[in-house]
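Here is the structure we will look at.
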Amino acid sequence: MPKNLLGIDFGTTALKACLFDENGNRLASESAQYKLITKGEFIEFDAEEFFNILSATVKKITDKFPVDALAVDTQGETLIVLDKGGKPLMNAIIWLDNRAEKQAQDMINHFGLEKMYNITGQAEIPAGYPAPKIQWLRENKPEIFDKADKFLLLEDYILYRLTGNFYASRSLYSSSLLMDIKTGEYSKEVLDYLGITTAKLPVLTESGTIVGEYNGIKVATSALDQIAGITGAGVVKEGIMSETTGTALAVCAVCSKLPPYYEGLKVSAYYVKKGLYCLLMWAPTAGAVLEWFKNNFCENLSLKEIDEFAEKVAEGSEGLIAIPQLCGTVMPENNPKAKGVFFGVELKHTRAHFARSIMESVAYMIREYVEFLGVNVDEIRSMGGGARSALWCNIKSNVLQKKIITLKENETACLGSAIFAGVGIGTFESVEKATEKLVNKNLSYSPKQSEYEKLYSDYKKKEKKIMQIFSEE
């Protein structure tokens, strides 16, 4: 009998669920929104409500279709603490929460960034990561720390509520600072530092491992949401990478060797499977810049109409350059003081020039990231809202001199989780075989000769000078 596979993507403020048949056809989809609880610098959410949202969404799907297996990918780093009865001792501490800044710095001082990178693959130790949060609880909430029977991330908690078993995907633990990225097992040295043992943590498994059942549905481990997303895009081997131009920008490539550490390294490595890592670079604003421009200067126009008039502008936007850092920079340099800039504005420039310059600036960022990663790729899978713009895809292809591929399924994280569910129940021999069957290309944009080689060089020179101004403030 053909199998129906449910992939669920649990993001920061929204859940999406898509049911696929074993040929990758989407049969149904549901979504739910939720609002985080913000108390000053604390950002939390009712842990029980996470499961209530998920179970209600699953029911909407199962009321219409049979489901054979499911998997849930989630946001990373969100921490949930349970007592011996399996009940949350407090609200979930969301990954955006920065209460543990002191503890993060203490870890840097204790281990050093190089050692932490060699253990975990993480080039930095942000306050939002689980290990500093656990240490924060130990120092500031000893009554909770002492009662804690399990420290879980969101996927682990969902798996526990679905099956009653404590399992986790190694992929999700990449950014926990608790796992040795090379072995895929917990780091005793880090756990000793935090004063906990593996008994306080779920059992680590590979993505696509069946860990129990929920109402007759087989439940498999999935992955960190970014890893599920690249899986659903077919980025599961070297030579292919992805770029997602949504509100933010994310560029992902996979590699078989952990890059060596050097001082100032900003690119972290995430566990995909044993012997395969994902390198991730991101920027806080990308599509958000074009959305900001539309809402404030083209509020009566659709994005399609903006595309149409921007397409009439020549490459380089007649000298107008956009610096798209409206919320600071993260990579390759971390500069929270950076601002957005339009450089070289003249009377001849119209809204069309501004729109095109924004698109070009994001393409330049992607090229900068690809060069910084130093990976050789034949094609780039394009996702997010930006992938719907033929003009933007063509600009990216010409700037990067790479083939840009868009995909028929836009909910790639849900498809990635469905693939893990299918691997778990044996519908697919492997993740790689599944992506060959289920990931379908939509449109292909091939690079053409253009002026962008020189334009990119000019952009980099001006960007460096502008960023220096913000660095000196």
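Worth pointing out:
- Of the residues Leu224, Leu265, Leu249, Leu204, the single one that is farther than 30 Å from Leu407 by Cα, within 22 Å of the chain's Cα centre (by Cα) and crowded, with 21+ Cβ neighbours inside 10 Å is Leu204.
- Residue in region 173-187 that is open to solvent by 60 Å² or more (accessible area, probe 1.4 Å), farther than 22 Å from Glu48 by Cβ, assigned to a loop (DSSP other than H, G, I, E, B) and touching a residue at least 40 places away in the same chain (Cβ under 8 Å) present: yes
- Under the condition of being without any contact (Cβ under 8 Å) to a residue 40 or more places away in the chain and under 27 Å from the mean Cα position of the chain (by Cα), the residues counted in region 437-463 number 2.
- Some residue of region 229-240 being within 21 Å of Ser268 (Cα to Cα), without any contact (Cβ under 8 Å) to a residue 40 or more places away in the chain and open to solvent by less than 40 Å² (accessible area, probe 1.4 Å): no
- The single condition among (1) under 27 Å from Lys403 (Cα atoms); (2) outside any loop (DSSP other than H, G, I, E, B) that Lys218 does not meet is (1).
- Only one of Ala421, Ala387 that is in contact (Cβ under 8 Å) with a residue 12 or more places away in the chain and over 19 Å from Leu249 (Cβ atoms): Ala421
- Scan of region 336-353 for residues that are touching a strand residue (DSSP E or B) at 6+ places or on another chain (Cβ under 8 Å) and either part of a loop (DSSP other than H, G, I, E, B) or among the acidic types (Asp, Glu) (or both), ordered by number: Pro336, Lys337, Ala338, Lys339, Gly340, Gly344
- Flag for Leu280 being open to solvent by 50 Å² or more (accessible area, probe 1.4 Å), of a type in the set (A, V, I, L, M, F, W, C) and touching a residue at least 40 places away in the same chain (Cβ under 8 Å): no
- The residue that is nearest to Phe65 (Cα to Cα), counting only those in region 1-27 that are surrounded by 17 or more Cβ atoms within 10 Å (Cβ to Cβ) and aliphatic (A, V, I, L, M), is Leu19.
Residue-wise test of (1) crowded, with 20+ Cβ neighbours inside 10 Å; (2) under 21 Å from the mean Cα position of the chain (by Cα); (3) closer than 28 Å to Asn295 by Cα; (4) modelled with pLDDT under 95.
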position	(1), (2), (3), (4)
Gly340	no, no, yes, yes
Thr350	no, no, yes, no
Phe354	yes, no, yes, no
Glu360	yes, no, yes, no
Ile366	yes, yes, yes, no
Glu371	no, yes, no, yes
Gly374	no, yes, no, yes
Val377	no, yes, no, yes
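- On inspection, Glu49 does not qualify as in contact with a helix residue (DSSP H, G or I) (Cβ under 9 Å, 6 or more places away or on another chain) and surrounded by fewer than 19 Cβ atoms within 10 Å (Cβ to Cβ).
- Of the residues making up region 112-148, just one is of a type in the set (D, E, K, R) and open to solvent by less than 10 Å² (accessible area, probe 1.4 Å), namely Lys133.
- Hey, Val370 farther than 17 Å from Met467 by Cβ, of a type in the set (A, V, I, L, M, F, W, C) and not in a helix (DSSP H, G or I) or not: no
- When region 28-45 is filtered for residues that are open to solvent by 40 Å² or more (accessible area, probe 1.4 Å) and aliphatic (A, V, I, L, M), only Ile37 remains.
- Considering only residues in region 61-107 that are more than 23 Å from Leu137 (Cα to Cα) and without any contact (Cβ under 8 Å) to a residue 40 or more places away in the chain, the one that is surrounded by the most Cβ atoms within 10 Å (Cβ to Cβ) turns out to be Lys64.
Let's see how each residue does on (1) farther than 16 Å from Ile8 by Cβ; (2) surrounded by 21 or more Cβ atoms within 10 Å (Cβ to Cβ); (3) touching a helix residue (DSSP H, G or I) at 6+ places or on another chain (Cβ under 8 Å):
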residue	(1), (2), (3)
Ile380	yes, yes, yes
Lys396	yes, yes, yes
Lys408	yes, no, no
Glu411	no, yes, yes
Ser417	no, yes, yes
Gly422	no, yes, yes
Ser430	yes, no, yes
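- From the list Leu54, Leu82, the one residue that fits, being under 27 Å from Met179 (Cβ atoms) and out of contact with any Asp or Glu (no Cβ under 8 Å at 6 or more places or on another chain), is Leu54.
- Counting the residues of region 106-134 that are part of a loop (DSSP other than H, G, I, E, B) and either closer than 16 Å to Glu263 by Cα or hydroxyl-bearing (Ser, Thr, Tyr) (or both) gives 7.
- Count of region 66-105 residues, restricted to those that are acidic (Asp, Glu), assigned to a loop (DSSP other than H, G, I, E, B) and out of contact with any Leu (no Cβ under 6 Å at 6 or more places or on another chain), is 3.
- Count of region 306-326 residues which are out of contact with any helix residue (DSSP H, G or I) (no Cβ under 8 Å at 6 or more places or on another chain) and open to solvent by 80 Å² or more (accessible area, probe 1.4 Å): 1
The values are calculated or read from the model by the stated rules, or taken from the named source; none is laboratory data. Given the structure is predicted, the values throughout are model-derived calculations rather than measurements. Cβ: placed from backbone, ideal geometry, glycine included. Neighbour counts: every protein chain shown. Calculation scope for accessible area: heavy atoms of the full protein, side chains included, ligands and nucleic acids excluded. Shrake-Rupley method; radii C 1.70, N 1.55, O 1.52, S 1.80 Å.
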